[in-house]
1. Based on the Cα coordinates of segment 203-264, what is the per residue volume of their convex hull in Å³?
2. For segment 163-310, taking Cα atoms only, what is the radius of gyration to one decimal and the Dmax to the nearest whole Å?
3. Of the residues 225, 255, 161, which exhibits the maximal mean-square fluctuation in a Gaussian network model of the chain defined by a 10 Å Cα contact cut-off?
4. Taking the Cβ of residue 43 as the centre, find all other residues whose Cβ is under 15 Å away and add up their charges (Lys, Arg: +1; Asp, Glu: -1).
5. Can you compute the helix-only [θ] at 222 nm over the chain? Use -39500 (n - 2.57) per DSSP H run of at least 4 residues, normalise by all residues, nearest 500 deg cm²/dmol.
6. What is the antiparallel percent of DSSP beta bridges lying wholly in the chain, to the nearest 5?
7. Given the peptides 91-101, 213-223, arrange them by the average over their residues of other C-beta atoms within 10 Å, most packed first.
8. Out of all Cα-Cα pairs in the chain, roughly what percent, to the nearest whole number, are more than 31 Å apart?
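Every number here is computed from the coordinates shown, using simple stated rules; none is lab data. Only a predicted model underlies this, so the values are computations on that prediction, with no experimental measurement involved. So basically every Cβ, Gly included, is an ideal-geometry build from the backbone, and we count neighbours across all protein chains shown.
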Amino acid sequence: MAMPGRSLLDLDDFTASEIAYILERARAFHDDPPPRDLLRDVCVVNLFFEASTRTYTSFAIAETRVGADVVALPPGSSSLGKGETIADTAITLAAMGVRVIVTRHPESGFPYRLAESFDGHVINAGDGRHAHPTQALLDLLTLQTEFGKIAGLRVALVGDILHSRVARSNILGLRALGAEVTLVGPYTLLPDAMAREGVRVERDLDAILPHVDAVMLLRIQKERIASAVLPSLDDYARNYRLDAQRLNLLARDAIVMHPGPYNRGVELTEDVFAFPGWRYAQQVSHGVFVRMAVLDFLVNGARAAVGARG
Ligand code: NCD
């Protein structure tokens, strides 16, 4: 069953069972590459208005692997800069037969406005500090691959939660699938108000580390931070940087994740790269498969049986 116009703007667009389905499908694609015609004759436009290495490349590879026709529209060449409205851009692309727009934009909410006027599917590849749903999906797949489940896992998100779209989407996904979330950071980057059911706010990283299954480090978002909020990176590093000493506090089977790009010396020291539970490369690798699964799900709908073609 196809789903006309369904989009992925944040993870709350999907139910818990849809998220589980996407993860299962991504796992199947990982184990057994699908034929390259899942999105045959489907035109996908990548509309990125913000720097991206991982996410852009990962989407481009995923789109190719499912056989879509892929067009990249570099920001400088879009007519949005000439005063064209978002709605007009959406109408124009739809008139050319574009079925999927993958977009990243520094403004929170941009993909939502695009989706309002676009007769097709919009995938949010990161909007301002708001949401990054496919990053959260690849993080969930990494956790599930490691532990065989998400429900009941204790996951700590550490650092600049306030400015992090990765954190926001991960909180939605982790809660939907029943993980226990602990947010850890200083008051200025993590307001108490971010606590809610199943989501605790803590300040003392050293006290938390022995009690978690996974640590998700977040990049200090220098480009979004006023200097008054974070007067000193040294001070941050002293309290929150994951280094050899802090790695020793972790449980034996715990894993460490980071969405990248990471700032060496700020969120982590190079000791982390030698830690057996460091899962950055797996996260990046999983990104391609979850994006393939999302594209297939939005355009073709759910399959009756996972792995079956229809
Ligand atoms: C993140 C992003 O751009 O939101 N990176 C990514 O997509 N893997 C995280 C970040 O910029 O810190």
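1. Numbers: hull volume 5.8 nm³, N = 62.
It comes to 94 Å³ per residue, whole-number rounded.
2. Here Rg and the maximum Cα pair distance are 17.4, 56 Å.
3. Ranking 225, 255, 161 by mean-square fluctuation puts 225 first.
4. -3
5. Values: 11 runs with 114 residues, N = 310.
Estimated from H runs of four or more residues: -11000 deg cm²/dmol.
6. Working: 2 of 37 bridges.
Counting only bridges with both partners in the chain, antiparallel ones make up about 5 percent.
7. Values: 91-101: 17.0, 213-223: 21.1.
Ranked from most to least packed, the peptides come out as 213-223, 91-101.
8. On the way: 14208 of 47895 pairs.
Within the chain, distances greater than 31 Å cover 30 percent of Cα pairs.
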